[in-house]
Amino acid sequence: MKNRPIKITDTTLRDGNQSLWLARLRTEDILPILPQMDQIGFSSIEVWGGAIFDACLTFLKEDPWQRLRAIKERVPKTPLQMLLRGQNLVGYRHYSDDVVHKFVKLAAKNGIDIFRIFDPLNDVRNFRTAIEAAKEAGAHVQGAVVYTISPVHTLEHYLEIAHQLVDMGIDSLCIKDRTALLSPSRTHSLIQELKKNFSLPLQLHCHYAGGLALINYLKAIEAGVDAIDTVSIPLASGNSQPPTEMIATALKDTPYDTHLDLERLYEIAEYFEEIRIKRGFERGSATVIQMKQLSQQIPGRMISNLQAQLKEKDALSRLEEVLEEIPKVRAEAGFPPLITPLSQIIGTQAILNVLTGKRWSVVPDEMKSYVKGLYGRPPGPVAEDIQKKVLEDEKPIDCRPADLLPDFYDVASQEIGDLAVCSKDVLSYCLFPQATRSFLESKRGIRESTFSSPELAEEDKEPQMDLGRIREVIKLMENSNLAEMIVEEGDLRITLRKSPGSPGTREGSQVREAERGEKKVPLGEEELQKVISPMVGTFYRTSAAEQPPFVEVGDIIEVGQPLCMVEAMKLMNEIISDIEGEVVEI
């Protein structure tokens, strides 16, 4: 048999980091190991895109552009790759064409060699501008087709999407199984048909959740796939990808040998294991929820998010009802794949349907936008009664969503003003205005905050203790009669004390209630009425950083008037008043 080495894309720094560690790897964690990763022989290393950009700005207080440049400086040999969500770029809504062109051009200039471009709905119209921009920048364009299961997602559907992407000029093709729904038999038949119809290089992206990813990769290799995605052992399995080391070992001394240096791979794995312990990150492991997702067709990560939402509403006992509601909502919405941002839209609607007790009585703005076609064309038809209920007398659009968007870059540049010192700052503001403004203000010394940069001199670094070890000590303390414990490591000294009331006591309960800050509102002559958000999330009084509040104390409000915005599950939801009266307290 003729030798056909399988190419490996390492996704440790992007998808492994995002799927298993919530994109919390810091730039300082990444930089030291990059020269070794560059020598392994990967066909590419995925380092950017997805939720990494958002996490850098919002949670890590890092400049995502600075991270990319720092990585490129240390990886001169191996092509760098990013995941681009079509017209959404790395955000959660559509952006104007001028923003897409400028973002892609700048990403290529700062180090991205390969753009893996996909659209959550497989609406090829949403690929067009991103593909054009990447081709103009001289980058390799990989078109990715999202895999899911539904009556409309047939083999013919995937072949048709692939044909249209090839006609757009992509350089390679990828099947993206983000929700881990592929089975070995479906993998083999899909890859085989794609190889029959197209001569372009074909790549497969699988997630380990459900436990079939390794077998799927082997069946795909038999069927002719050219490349697959894997991660370093400490970031593998669970919601992440299969481990590189396992694949390299399985294919060694076969016609598909990857020729990757296993000893070096293990050295890299040991490095990331140290980071895992230091940061207190979890290992990837199979859970019952993940194993059930093949039958439920609901991604494990989505179920975890649903659990968190319901727990905050003291409604965790209703999880099974929500899980039963999701397939109904998905079918009524035209069977969208359950990936970001569609999984959040479908999941939030399912929660609202269950908790309100009246299906589709409360509809978030994002669901309205989806039904209207502002995310793209749904794979199947939206149920007529649902469309009527959501849109009332409005009609869905029949054009590409971005055709309705005016150019925004210059507007954003005016809005952010002198805080932005370069086009990268303006583009960050275009995508994440509030997070970018906060980040830039702290960077310029206008706002007090923790600002992280990729490299710090040793004398400037704060002493740190491994979070993993601290957590272990806390667990030991919780299970003991000790009231206080002192932990020392180097120059760092931490004192741990139990609260006056233990978790199960009445005193502890009272402390927690006080910490919630729940306030008793004194009643006047007439009983005050509360407008309660139907979901738990981040509260915003304004629609944007420089906009006035929706309402102020003393305002007279009417039924149907917007009161605030609540961000939940990556969605911005406008909260509408269902009563009229005067605002007494916010």
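What number of residues within segment 527-586 satisfy the criterion of being out of contact with any strand residue (DSSP E or B) (no Cβ under 9 Å at 6 or more places or on another chain) and modelled with pLDDT under 70?
Total satisfying the criteria: 8.
When you check ARG279 against the structure, is it touching a residue at least 60 places away in the same chain (Cβ under 8 Å) and in contact with a Leu (Cβ under 9 Å, 6 or more places away or on another chain), yes or no?
On the way: touching a residue at least 60 places away in the same chain (Cβ under 8 Å): yes; in contact with a Leu (Cβ under 9 Å, 6 or more places away or on another chain): yes.
When the stated conditions are applied, ARG279 passes them.
Given the residues THR11, THR27, which is the only one that is farther than 21 Å from SER172 by Cβ, hydroxyl-bearing (Ser, Thr, Tyr) and over 14 Å from the mean Cα position of the chain (by Cα)?
After ruling out the rest, the residue left standing is THR27.
Among the helices (runs of 4 or more DSSP H) confined wholly to segment 1-79, which include 2 or more residues that are under 21 Å from ASP119 (Cα atoms)?
Numbers: elements: 17-21, 27-30, 34-38, 52-55, 64-74.
Here the list reads 17-21, 52-55.
Is it the case that some residue within segment 343-359 is closer than 21 Å to ASP398 by Cβ, outside any loop (DSSP other than H, G, I, E, B) and not assigned by TED's automatic domain parsing to the domain that holds VAL90?
yes
So, in segment 238-271, how many residues would count as being more than 21 Å from the chain's Cα centre (by Cα) and farther than 28 Å from MET1 by Cβ? Give the steps one after another, and end with the answer.
Here is the first cut: in segment 238-271, the ones more than 21 Å from the chain's Cα centre (by Cα) are 244-271.
From what's left, farther than 28 Å from MET1 by Cβ: 266-271.
Residues flagged as more than 21 Å from the chain's Cα centre (by Cα) and farther than 28 Å from MET1 by Cβ within segment 238-271 amount to 6.
Hey, can you tell me all the residues within segment 80-89 that are touching a residue at least 40 places away in the same chain (Cβ under 8 Å) and assigned to a strand (DSSP E or B)?
Once the filter is applied, which keeps residues that are touching a residue at least 40 places away in the same chain (Cβ under 8 Å) and assigned to a strand (DSSP E or B), segment 80-89 yields GLN81, MET82, LEU83, LEU84.
For segment 380-484, give me every one of the helices (runs of 4 or more DSSP H) that falls completely inside it and has 1 or more residues that are at pLDDT 95 or above and assigned by TED's automatic domain parsing to the domain that holds ARG330.
384-391
Out of TYR271, TYR266, I need the residue that is out of contact with any Phe, Trp or Tyr (no Cβ under 8 Å at 6 or more places or on another chain), part of a helix (DSSP H, G or I), among the aromatic types (Phe, Trp, Tyr) and in contact (Cβ under 8 Å) with a residue 60 or more places away in the chain. Which one?
Working: TYR266 fails: in contact (Cβ under 8 Å) with a residue 60 or more places away in the chain.
Answer to the selection: TYR271.
So if I check each of SER285, SER304, SER295, which one is modelled with pLDDT under 90, surrounded by fewer than 15 Cβ atoms within 10 Å (Cβ to Cβ) and outside any helix (DSSP H, G or I)? Spell out the reasoning first.
Details: SER304 fails: outside any helix (DSSP H, G or I); SER295 fails: outside any helix (DSSP H, G or I).
None of the others qualify; the one that does is SER285.
Going by the structure shown, is ARG14 surrounded by fewer than 19 Cβ atoms within 10 Å (Cβ to Cβ), in contact with a Leu (Cβ under 8 Å, 6 or more places away or on another chain) and not aliphatic (A, V, I, L, M)?
No: the conditions fail for ARG14.
Select from segment 310-334 the residues that are under 28 Å from LEU84 (Cβ atoms) and crowded, with 21+ Cβ neighbours inside 10 Å and list them in ascending order.
Going through segment 310-334, the residues under 28 Å from LEU84 (Cβ atoms) turn out to be 326, 329-330, 333-334.
Within segment 310-334, ILE326, VAL329, ARG330, ALA333 meet the criteria.
The values are calculated or read from the model by the stated rules, or taken from the named source; none is laboratory data. None of the values given here were measured: they were computed from a predicted structure. No Cβ is skipped: glycine too gets one built from the backbone with ideal geometry, and neighbour counts run over all protein chains shown.
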